[in-house]
Amino acid sequence: MWDAQQPVALEVTRRLDKLNRLLKSYQPDMIQLKGVFSKNQRTAEQSCALTLSLPNGTLHATGNGKNVLAGCKKAFSEIETQVKKHQSRLRREHEWKRKRRSNEALRQFCVRERRAATLRELFRTYAKVEAPACSR
């Protein structure tokens with residue numbers, strides 16, 4: 001029986017180490033992770049459900065797979081993604097992201113570049129001298 005559980009135990013310890021690295025800013029006694037393994041009798045599918053309690057929120061993740069290991073991997077990867085997103089919101093990273101150029105501004109930039117290229121070509125043709133590149 002232990003041989004079948006060993007890969008799952010190794011995966012859980014590996015993923016717990018990764019979660020510990022992600023959650024190193026929290027005090028260890030403020031974090032609580034609960035996990036439940038279950039089997040669906042009708043489909044013979046194994047699942048793993050995780051609940052991570054943090055001081056400023058609770059995260060839930062469920063992973064289903066053909067065996068316990070696959071369900072465990074899916075659940076842990078989902079909870080890791082949620083932790084990263086949660087920490088990003090706490091840091092207010094969404095407020096610091098650069099705004100992308102609007103399509104209109106990009107279109108105007110392209111039109112200016114085309115005009116400059118056309119003028120350089122005309123200058124090269126008629127003056128037989130290399131035109132200086134325009135700078136922004």
Single residue of region 89-113 satisfying the filter (of a type in the set (D, E, K, R), surrounded by 10 or more Cβ atoms within 10 Å (Cβ to Cβ) and more than 30 Å from S25 (Cβ to Cβ)) that is modelled with the lowest pLDDT: R101
Of the candidates H86, H60, the one satisfying the condition of being at pLDDT 95 or above and more than 22 Å from Q5 (Cα to Cα) is H60
If you take the residues in region 8-17 that are charged (D, E, K, R) and in contact (Cβ under 8 Å) with a residue 40 or more places away in the chain, which one is surrounded by the most Cβ atoms within 10 Å (Cβ to Cβ)? R15
State the number of residues belonging to region 18-52 that are free of Cβ contacts under 8 Å to residues at least 12 places away in the same chain, under 22 Å from the mean Cα position of the chain (by Cα) and surrounded by 10 or more Cβ atoms within 10 Å (Cβ to Cβ). 1
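The values are calculated or read from the model by the stated rules, or taken from the named source; none is laboratory data. Keep in mind that this is a model prediction, so the values were computed, not measured. Please note: Cβ atoms are built from the backbone with ideal geometry, for glycine as well, and neighbour counts cover all protein chains shown.
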